[in-house]
Amino acid sequence: MAIEKPKYEVIQKDGKFELRHYEPMILAQTQETALRGAGGFNTVFNYIGGNNAEGKKISMTAPVINEIDGEEMTIAFVMPSEFDCETLPDPNDPRLQLKEIPARKVAAVTFSGTVNPQMIEEKKQELLDWLKQQEVKVVGQAELARYNPPFLPGFIKRNEILIEVE
């Protein structure tokens, strides 16, 4: 069974870079302390595992998204498209928030490997440099999107840096 991913249309492709139009989505999001997902990952995973007002299990999706700019990092799971804010169960954990993301235009750079702060910064800068060449204005913060479980070897892992653009 395939894991659901957010729906998007590729507007422009240039090697490892893309401009995409994403459909609206809902995130279950909380604060995170480390890239390896020390605390926040479990909070969100427990929510989809049934730690919610209805005791309802929710399917895992990909990617896991970290907001990586700003003072505090977050971690979020994209909720399956069958749900909206009315049909998602309320979180039991007050640290978890359900966040509606409207349709948006996003720039992406895709890469493989086990992520670390240096790699993230390099890929983010590559994407920003590409956007500058394309004369595309950045309007959002950088996000790290990871599509695979942590136990897979790095060369198999698919990662992306995403930045909302005008």
Check your understanding: Within the stretch 14-55, restricting attention to residues that are over 17 Å from the mean Cα position of the chain (by Cα) and touching a residue at least 60 places away in the same chain (Cβ under 8 Å), which residue is farthest from residue 70 (Cα to Cα)?
Key -> 14
Review point. Is it the case that the stretch 129-138 has a residue that's closer than 18 Å to residue 34 by Cα and either in contact with a Gly (Cβ under 9 Å, 6 or more places away or on another chain) or in a strand (DSSP E or B) (or both)?
Key: no
**Study point:** Qualifying residue in the stretch 13-27 (condition: over 30 Å from residue 133 (Cβ atoms) and surrounded by fewer than 18 Cβ atoms within 10 Å (Cβ to Cβ))
**Key:** no
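From the list 138, 115, 106, which residue is modelled with pLDDT under 95, in contact with a strand residue (DSSP E or B) (Cβ under 7 Å, 6 or more places away or on another chain) and hydrophobic (A, V, I, L, M, F, W, C)? Walk me through how you get there before you give the answer.
Numbers: 138 fails: modelled with pLDDT under 95; 106 fails: modelled with pLDDT under 95.
Among 138, 115, 106, only 115 is modelled with pLDDT under 95, in contact with a strand residue (DSSP E or B) (Cβ under 7 Å, 6 or more places away or on another chain) and hydrophobic (A, V, I, L, M, F, W, C).
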Check your understanding: What is the residue count in the stretch 1-53 for residues that are modelled with pLDDT of 95 or more, in a strand (DSSP E or B) and either among the charged types (D, E, K, R) or over 23 Å from residue 120 (Cα atoms) (or both)?
Key -> 9
Study note, to complete from the structure: Looking across the stretch 56-103 at residues that are assigned to a loop (DSSP other than H, G, I, E, B) and under 22 Å from residue 120 (Cβ atoms), the single one that is nearest to the chain's Cα centre (by Cα) is 63
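The values are calculated or read from the model by the stated rules, or taken from the named source; none is laboratory data. Note that the structure is predicted; figures quoted are calculated from it, not measured. Methodologically, a virtual Cβ is constructed for each residue, glycine included, from the backbone with ideal geometry; neighbour enumeration extends over all protein chains shown.
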